[in-house]
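These notes concern the structure reproduced below.
The values are calculated or read from the model by the stated rules, or taken from the named source; none is laboratory data. Predicted, not measured: the structure shown is a model, and the values here were computed from it. Neighbour counts run over all protein chains shown; Cβ positions are idealised from the backbone, glycine included. When the accessible area is computed, the model is the full protein with side chains, heavy atoms only, and any ligands, DNA or RNA have been set aside. Shrake-Rupley method; radii C 1.70, N 1.55, O 1.52, S 1.80 Å.
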Amino acid sequence: KMLKQEGVGGFYAGLAPILAKQVPYTMAKFAVQGAAADSIYSSMGKTPADLSGGMNVSVSLASGVIAGVAAAIISHPADTLLSKVNKAGAGGDGPMITRLSNIAKEVGFVNLCTVGLLPRCVMIGTLTAGQFGIFDTVMNTLGASKFHFHNPNAH
């Protein structure tokens, strides 16, 4: 039915808005977690090799919370728009970008950025901490080490 009414493009109508939310969310999550973990280790004057597995997981959990909150804040406006555009009739008729624009105008920029943000920060902060905690636990269990980017000219 969808293929007949909208063509093949109908299957991908929501792809651009999802990517506009998911790419910044994921980039922020990983960039902030790495920077937060480095800052935590630096503030302790230690490296991961100097600390126990449990302490390293604690750093992963703490940096995961920080990363999750940052990612939630960055992606919240887009996530709010996506939640609203998926409701029947939301944003009127027309192409996806027009509907998203109409919803953004109706809701307002401040509300788009702030309504529901605190529960989202709690949820995403907790989930992200868990993800990085599990990741580091599995890495330690397998004896694997993380790849860290470095400046090859610094050596």
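Observations on the structure shown:
- For region 15-39, the set of residues classified as open to solvent by 60 Å² or more (accessible area, probe 1.4 Å), within 30 Å of I97 (Cα to Cα) and free of Cβ contacts under 8 Å to residues at least 60 places away in the same chain consists of L15, L19, A20, Q22, V23, M27, F30, A31, listed by residue number.
- Tabulated pairs, region 64-75, first within 10 Å of A36 (Cα to Cα), second open to solvent by 10 Å² or more (accessible area, probe 1.4 Å) and not hydrophobic (A, V, I, L, M, F, W, C), C-beta under 7 angstrom, 6+ apart or interchain: G64/Q33; G64/Q131; A67/K29; A67/Q33
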